[in-house]
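This report concerns only the one structure given below.
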Amino acid sequence: MASTDALPVIKVLITLHPGMDSLDFIGPLEVLSQAKHNINDDSTKAFSTTFVSATELTTTAQGAGFRAHMEFKEAYARLSEFDILIIPGGGVDAILKTKSEPLGLIKAWSDLQKKDPKKERTLLSICTGSLFLAQQGILSGLSATTHPDAYAKFEKISSEVAQRDLAERCDLIEERYVVNNLRF
């Protein structure tokens, strides 16, 4: 079996916001925390996860509380350290209305990739987290999906952003598969 000494730990930043869906956070966290470079060696952890939020404690739509490792100011300063940015869905209306985080961080992530295209980065949204990506123009000209109850809202945002940015609309895929994964 090949040595895993040279395999780096992939650094993941997960955003937290009030009213997010617990499963949209816990699902990816469960998978990432179990992944190893060598399944027979617990010391070969494949991912390290860091949570970012505007406040130390974030309460989900289900009433669960999650503690952040850092606030957004620090996340902006350290953004280039991360390989993957995960955006959970849920609680999207308040974020879109106030144009608050994680919207700015999503844009900064996209801008970072434009500045340094040699490094492979992944932007992963879960469920209605895709509405945040659409709002920031990240999905223009691409295909994406969201929760079936948010199809109309997604289409509206995509149309508004296309007009605002003079860009292509995002094609909505209505297949009831709610994970969007962009690899730059």
Would you point out which residue out of Gly141, Gly137, Gly89, Gly129 is at positive phi, in contact (Cβ under 8 Å) with a residue 24 or more places away in the chain and crowded, with 18+ Cβ neighbours inside 10 Å? Gly137
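Condition check: at pLDDT 95 or above, out of contact with any strand residue (DSSP E or B) (no Cβ under 9 Å at 6 or more places or on another chain), of a type in the set (Ser, Thr, Tyr) and over 17 Å from Lys11 (Cα atoms). Does Thr98 satisfy that? Walk me through it before giving the result.
Values: at pLDDT 95 or above: yes; out of contact with any strand residue (DSSP E or B) (no Cβ under 9 Å at 6 or more places or on another chain): yes; of a type in the set (Ser, Thr, Tyr): yes; over 17 Å from Lys11 (Cα atoms): yes.
Yes, satisfied.
Given the condition part of a helix (DSSP H, G or I), surrounded by 12 or more Cβ atoms within 10 Å (Cβ to Cβ), touching a helix residue (DSSP H, G or I) at 6+ places or on another chain (Cβ under 9 Å) and without any contact (Cβ under 8 Å) to a residue 40 or more places away in the chain, answer yes or no: does some residue in segment 48-60 qualify?
If we filter segment 48-60 for residues that are part of a helix (DSSP H, G or I), which is where we start, we get none.
So far as segment 48-60 goes, no, none of its residues is part of a helix (DSSP H, G or I), surrounded by 12 or more Cβ atoms within 10 Å (Cβ to Cβ), touching a helix residue (DSSP H, G or I) at 6+ places or on another chain (Cβ under 9 Å) and without any contact (Cβ under 8 Å) to a residue 40 or more places away in the chain.
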Only unsatisfied item for Met70, checking (1) of a type outside the set (Gly, Ala, Ser); (2) touching a residue at least 24 places away in the same chain (Cβ under 8 Å); (3) surrounded by 15 or more Cβ atoms within 10 Å (Cβ to Cβ), is (2)
Only listed residue being of a type outside the set (Phe, Trp, Tyr), more than 18 Å from Pro28 (Cα to Cα), surrounded by fewer than 14 Cβ atoms within 10 Å (Cβ to Cβ) and at pLDDT below 90, chosen from Pro117, Pro148: Pro148
Only one residue in Glu101, Glu81, Glu174, Glu160 is touching a residue at least 40 places away in the same chain (Cβ under 8 Å) and loosely packed, with under 14 Cβ neighbours inside 10 Å, so which one is that? Glu81
Quick one: which of Lys156, Lys97 is within 24 Å of Ser22 (Cβ to Cβ), outside any loop (DSSP other than H, G, I, E, B) and among the basic types (Lys, Arg)? Lys97
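Only one residue in Phe66, Phe82 is of a type in the set (Phe, Trp, Tyr) and more than 16 Å from the chain's Cα centre (by Cα). Which one? Steps first, please.
Numbers: Phe82 fails: more than 16 Å from the chain's Cα centre (by Cα).
Residue meeting the stated conditions: Phe66.
The values are calculated or read from the model by the stated rules, or taken from the named source; none is laboratory data. Everything numeric in this text was worked out from a predicted model, so none of it was measured. Here the Cβ is made from the backbone with ideal geometry for all residues, glycine too, and neighbour counts use every protein chain on show.
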